[in-house]
1. Of Ser419, Tyr159, Phe131, which is farthest along the charge dipole of the chain in the positive direction, counting Lys and Arg as +1 and Asp and Glu as -1 at C-beta?
2. Where does the charge balance sit around Met347 when Lys and Arg score +1, Asp and Glu -1, over other residues with C-beta under 14 Å from its C-beta?
3. Using helices alone, I'd like the mean residue ellipticity at 222 nm for the chain: each DSSP H run of four-plus residues gives -39500 (n - 2.57), total over residue count, nearest 500.
4. Under the definition of Cα pairs under 8 Å and six or more residues apart, what whole-number percent is the relative contact order of the chain?
5. Between Asn315 and Leu331, 0.36 nm times their residue separation minus their Cα-Cα distance comes to what?
6. Taking the number of other C-beta atoms within 10 Å as the exposure measure, put Thr67, Thr160, Thr23 in order starting with the fewest.
7. In whole Hz and in residue order, list the ³J(HN,Hα) couplings for the stretch 409-423 that follow from phi through the Karplus curve 6.51 cos²θ - 1.76 cosθ + 1.60, θ = phi - 60°; x for Gly and Pro.
8. Return the long-range amide H neighbours of Asp256 (sequence gap of 5 or more, or a different chain), with a cut-off of under 5 Å between placed amide H atoms.
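What follows is calculated from the coordinates using simple rules that are stated; it is not laboratory data. Predicted model, so just to flag it, every value in this text is computed and none were measured. Cβ: placed from backbone, ideal geometry, glycine included. Neighbour counts: every protein chain shown.
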Amino acid sequence: MKKSVEEHDDKVVIIGAGPAGLTAAYQLCKLGKKSIILEKDYLVGGIARTVNYKNYFFDIGGHRFFTKINEAKHMWQEVLHDNLLHRKRLSRIYYNKKFFYYPIRLLNALSGLGIWNSLMIISSYIRAHVFPYKHEETFEHWITNRFGKRLYDTFFKSYTEKVWGIPCSEISAEWAAQRIKGLSLRSALKNTLMRPYKKNNGNIAKTLINSFHYPKLGPGMMWETVSSIVQENGSIVHLGSEVETIRWNKKKKRVDSIEVRANGQKTLFFGKDFISTMPIRELIQKIHPPVPEKVLEAANNLSYRDFLTVALIVNQPDLFPDNWIYIHDPLVKLGRVQNFKNWSPDMVANQNKSCLGLEYFCFEGDELWNMRDEDLIELGKRELEIIGLVKSADVEDGSVVRMPKAYPAYDSKYRAMLSIIRQYLKELTNLQLIGRNGLHRYNNQDHSMLTAMLAVENIHGANHDLWSVNEENEYHEDSTSSLPSFRRE
């Protein structure tokens, strides 16, 4: 095994070339600072990448570009210019062989469910409003308090359990509060009544927005461009470079180097400051000298949900008008379908055809994850036909992409585990964690970017608490943010 050493004492070493890592590198470039970016994959963008399969482009999950963080919005516009398209949103739920708008439009939902179910939903909502759960500890509590038990059972329970692979009673209420805050039966009714009068997205919750921006060739276009920009300005992006060891000095309480394996060779990268977007569980496991047993145990108890996309090329020009559809049908494993032609026509090489992204939620190493690509493509074709979206015979080609650790899990023990890890990480004074997996927080792209921007400010003397992004009341979906101050107590 060959070994080499790269001395970069004046540079920032960044682990991960996803939205958070590349935003940090971009912000450093704007300040005239160079960085070293280490990415174990061979594509930049992380979960916000775009895959090109025979000139059909597909996104790993569908990434809307909508934010109330001005700096994130400005960066998107600064990088993409005219390649940032404005798109109308249409998303629906497929349930009981019918389509329901999502976000829920009350009249549409009630008419589709029938008079008896509608009466039961209204009665259930009133009961939840009069006798709410006093302590919202689980996803079930949070949703029931805002929609009633009947609507929770109808539209939320089965799909959420399909996504996470665990009962809703074991999912923290924090996940619902973070992902769908601002949404309730009352807000759904208000949205229905006010929809004809809305001229723009105003200050409505992100869950309710009816339009968004999207890059011409998918979100990967954004991060591939940022990668090129930072390299043109002297930074280096190392792809196919997996971090094996994070070395720190106990006496100085600082990280001093990172050992990376690439192309059969190990390289030590030295730097002054270090920023990590890698999953916390892996980060803790790779620190040397090793962390205390209690900290390692906490890291090992953090869970993730993995994800795969089956992209299918369909020999039909127009399949359905939605950007995406949630599949609430127990007869299929399919969780969600993206219609990428409706995200951007430029994503499809031939306008007489369509490209769909079928999303399956799984655990790395389980039966679904280990299926051969050919079998997954056949599964996708069968399930599309079962629910009546596409005829199997119209599917002419396909591709599969697996994405490990796509979703940090908010189970019943994750917060206690994070607390132990955070306390330990205070000892490493020149290491900052950012992004979705870096903070084990289900952040959107814009929040991940914000953590990176604040981390760069910290390197230059600020004292922002990155763990508070998308958590404190200083940032919510219903107020515009301009780099809010998340300062440590």
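1. In the chain, that residue is Phe131.
2. +4
3. On the way: 17 runs with 163 residues, N = 489.
It lands at -9500 deg cm²/dmol.
4. About 24 percent, as a whole number.
5. Answer, rounded to one decimal: 3.3 nm.
6. Numbers: Thr67 24, Thr160 20, Thr23 29.
Final ranking by Cβ density, sparse to dense: Thr160, Thr67, Thr23.
7. For the stretch 409-423, the Karplus-derived couplings read 7, 9, 7, 5, 10, 5, 5, 5, 5, 4, 4, 5, 5, 4, 4 Hz, x marking Gly and Pro.
8. Arg247, Trp248, Asn249
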